[in-house]
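Beneath this line is the structure, given in structure tokens, with notes to follow.
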Amino acid sequence: MNSSKKNLLSLMELSSEEIKAIITRAQDLKRNRLIADPQVLKGRTGVMVFEKPSLRTRITFETAINELGGNPINLVSDMIGMGSRESVQDIARTLERVVHLIIARTFSHRTVEELAKYSSVPVINALTDEFHPCQALAFGLTIHERLGEFKKCRVVFIGDGNNVCKSIMILCAKLGYDFTLVSPSKYLPPESFINSCVDIGNCTGSKFDFTQDLKSAVNHAQFIYTDVWASMGQEKEQESRKKDFSPFQVNMQVMSMAPSDVFVSHCLPAHREEEITSDVLDSKNSIAFDEAENRLHVQKSVIVHLFS
Ligand code: CP
Ligand code: NVA
């Protein structure tokens, strides 16, 4: 095991400076795409393991590895039977002998931690039940493109305190952005996690607020974010969640309570007419598809960070 190798399992591992550097480099990579891509993966192979479906993550990582000179391999987890056909530890110890980078989307966060623990090559979390760090970095890049610099802003997340929400909370805490979560109280992230973000925010100047009052929350919002009400793996709760979250739909009425130049994003895939209406997702305020593209640029930047 190599204790000095870097992973990206959660944004908690990155300092504010590292996050800013990744976003700044991603902007350069975006500008110089296919012109000056650093070939940090030349002659190297990156393997992707998916326990859950994916469009954006799969396509952006595969493209990222190619553009950085490497060779991507996609493994469907059913075929390798992670934790059933073979232990996660043995899979990690086998992969490290052959490939140079592991990218994994898993249910349990513990699985990516184990892959990282038992392999000497970098591991990137491509979404677990707990975190989706690459999505939050892509949002960070999209915010940065709109603001033109790293300066204080106000992010309002409407919906479930889920993996994407928690990753955005860490992003905001580390970059000094104010964060409000509008959600029914039973869907808030765990108190210990909230306290960690508040502690980081106390050092960076970021303020956290948790409310059910949509109007006052969006009144001064610069960025509104939402995500599905039932995440992958929560399909059985779909109906009860629909009921609980229906007052928190991001629709034109919510937009009318926000500043007219507010930006709206969503990690996608969206359930149109559930957590967000089509007129909002397709409006001029929407930056969701910019963010989807930015997954590519920011993940290339993450890979450069892990290999330098
Ligand atoms: N946002 C995101 O991770 O999309 P996919 O689930 O399609 O990869
Ligand atoms: N919270 C969602 C994000 C999908 C990209 C999920 O985990 O299904």
Inset, instruction - Among the candidates Leu147, Leu127, single out the residue that is under 20 Å from the mean Cα position of the chain (by Cα) and at positive phi. - result: Leu127
Inset, instruction - Determine whether region 110-124 contains at least one residue that is in contact with a Pro (Cβ under 9 Å, 6 or more places away or on another chain) and at pLDDT 95 or above. - result: yes
Legend entry - Glu149 being without any contact (Cβ under 8 Å) to a residue 12 or more places away in the chain and within 27 Å of Phe61 (Cα to Cα): yes
Legend entry - Which numbered condition Ala136 misses (of (1) under 14 Å from Leu8 (Cα atoms); (2) among the small types (Gly, Ala, Ser); (3) away from ligand 2 (no atom under 16 Å from the Cβ)): (3)
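For every residue, the table says whether it meets (1) touching a strand residue (DSSP E or B) at 6+ places or on another chain (Cβ under 8 Å); (2) crowded, with 18+ Cβ neighbours inside 10 Å.
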{"position": "Thr45", "(1), (2)": "yes, no"}
{"position": "Phe50", "(1), (2)": "yes, yes"}
{"position": "Asp78", "(1), (2)": "no, no"}
{"position": "Gly81", "(1), (2)": "no, no"}
{"position": "Ser84", "(1), (2)": "no, no"}
Legend entry - The one condition in (1) within 29 Å of Lys186 (Cβ to Cβ); (2) surrounded by 14 or more Cβ atoms within 10 Å (Cβ to Cβ); (3) touching a Pro at 6+ places or on another chain (Cβ under 8 Å) that Leu306 fails to fulfil: (1)
Inset, instruction - Collect the residues in region 273-282 that are over 23 Å from Cys134 (Cα atoms) and either among the β-branched types (Val, Ile, Thr) or within 16 Å of ligand 2 (Cβ to nearest atom) (or both), keeping them in residue-number order. - result: Glu274, Thr277, Val280
Legend entry - Any pair with Cβ under 7 angstrom, 6 or more apart, that starts in region 108-123 at a residue that is more than 13 Å from Thr94 (Cα to Cα) and of a type in the set (A, V, I, L, M) and ends at one that is in a loop (DSSP other than H, G, I, E, B) and at pLDDT 95 or above: Val112/Leu9; Val112/Thr106; Val112/Thr128; Val123/Asn7; Val123/Leu9
Inset, instruction - Confirm whether Glu51 is within 20 Å of Val298 (Cβ to Cβ) and over 16 Å from the mean Cα position of the chain (by Cα). - result: no
Inset, instruction - Inspect region 219-227 for any residue being within 16 Å of ligand 1 (Cβ to nearest atom) and among the polar types (S, T, N, Q) and give the result as yes or no. - result: yes
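To keep it simple, each residue is scored yes or no on (1) more than 22 Å from the chain's Cα centre (by Cα); (2) within 16 Å of ligand 2 (Cβ to nearest atom); (3) modelled with pLDDT of 95 or more.
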residue: Ala26; (1), (2), (3): no, no, yes
residue: Lys30; (1), (2), (3): no, no, yes
residue: Arg33; (1), (2), (3): no, no, yes
residue: Arg58; (1), (2), (3): no, yes, yes
residue: Glu67; (1), (2), (3): no, no, yes
residue: Leu75; (1), (2), (3): no, no, no
residue: Gln89; (1), (2), (3): yes, no, yes
residue: Arg105; (1), (2), (3): no, yes, yes
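Quick one: count up the residues across region 172-184 that are within 15 Å of ligand 2 (Cβ to nearest atom) and in contact (Cβ under 8 Å) with a residue 40 or more places away in the chain. Give the steps one after another, and end with the answer.
In the first step, residues of region 172-184 are kept if they are within 15 Å of ligand 2 (Cβ to nearest atom); the result is 181, 183.
Going one step further and asking which of them are in contact (Cβ under 8 Å) with a residue 40 or more places away in the chain, we end up with 183.
Qualifying residue count for the region: 1.
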Legend entry - Segments classed as strands (runs of 3 or more DSSP E), wholly inside region 5-122, with at least 1 members that are closer than 30 Å to Arg146 by Cα: 101-105
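The values are calculated or read from the model by the stated rules, or taken from the named source; none is laboratory data. Computed from a predicted model, the values in this text were never measured in an experiment. Quick reminder, even Gly has a Cβ in these numbers, built from the backbone with ideal geometry, and neighbours come from all protein chains shown.
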